[in-house]
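What follows is a set of notes on a single structure, which appears directly below.
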Amino acid sequence: MASQMKAPPSSRRQIVDVPNNYKHLVERLSPGGRYIDAQTDDDSPWVPFGDNAAIKHLAFDVRQNQYSNILWVKGPGTIGTHLHRGTVTMVTLEGSVRYLEYDWVGTPGGLILETPGESHTLVTDHPEGCKLFGWMQGPIEFYDEDANFVESVDVWWFINHYETHCREHGLTPNPKLYL
Ligand SMILES: [Fe+2]
């Protein structure tokens with residue numbers, strides 16, 4: 001019977017050559033892990049998203065329609081009601097954020113989870129706004145003030161948002177952002 005792990009079984013600060021029957025397949029087929037820096041603009045610049053917000057794109061996965069980024073709302077503001085058709089996994093990095101639909105306030109380190117089919121209206125009342133790390137999956141339907149449908153935004157919108165900015169600023173799209 002396999003033993004039960006109750007704590008990390010090794011604390012040795014050394015690479016251990018662990019067995020993997022499929023290492024050759026991983027090496028051949030995996031897109032590979034990577035590190036995307038977010039402290040500087042070297043890996044990914046801030047791309048304006050309206051007058052009071054910007055997005056730092058971190059990852060695009062076209063196979064799963066997933067995309068990761070940091071959303072920066074630069075001061076008190078609102079991102080109007082939108083409907084997620086996929087799962088939202090988000091962590092507040094700085095400032096605070098809430099949705100008009102709920103009574104909680106997200107503060108740094110806290111996890112925000114939204115499941116498919118939920119709509120929400122994002123508000124930050126913090127004087128410095130908020131920075132939100134997000135790993136999102138699936139389309140987001142955006143509506144205007146009168147609930148008129150505007151666009152269904154998904155990984156392709158995020159790639160286009162990033163690459164349009166790169167083109168306009170003479171930047172080469174960073175291959176590390178594409179899984
Ligand atoms: Fe949202």
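Each reported figure results from applying straightforward, stated rules to the coordinates on display, with no laboratory input. Because the structure is a prediction, the values reported are computed rather than measured. Heads up, the Cβs are rebuilt from the backbone with ideal geometry, glycines too, and the neighbour counts pull from every protein chain shown.
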Can you tell me which residues in segment 120-134 are within 12 Å of the ligand (Cβ to nearest atom), hydrophobic (A, V, I, L, M, F, W, C) and under 13 Å from the mean Cα position of the chain (by Cα)? Leu132
If I filter segment 162-179 for residues that are within 16 Å of the ligand (Cβ to nearest atom) and at negative phi, do I get at least one hit? no
Assuming Thr40 fulfils every condition listed in (1) touching a strand residue (DSSP E or B) at 6+ places or on another chain (Cβ under 9 Å); (2) surrounded by fewer than 18 Cβ atoms within 10 Å (Cβ to Cβ) apart from one, which condition is it? (1)
Of the residues that make up segment 110-126, is at least one in contact (Cβ under 8 Å) with a residue 60 or more places away in the chain and closer than 25 Å to Pro45 by Cα? no
Within segment 135-159, considering residues that are among the aromatic types (Phe, Trp, Tyr) and either away from the ligand (no atom under 11 Å from the Cβ) or without any contact (Cβ under 8 Å) to a residue 24 or more places away in the chain (or both), the one surrounded by the fewest Cβ atoms within 10 Å (Cβ to Cβ): Phe149
Pick out the one residue from Asn21, Asn52, Asn69, Asn65 that is more than 15 Å from the chain's Cα centre (by Cα) and within 26 Å of Ile159 (Cβ to Cβ). Asn52
Can you name every one of the strands (runs of 3 or more DSSP E) wholly within segment 1-119 that holds 2 or more residues which are within 16 Å of the ligand (Cβ to nearest atom)? 53-61, 66-73, 77-84, 88-95, 111-114
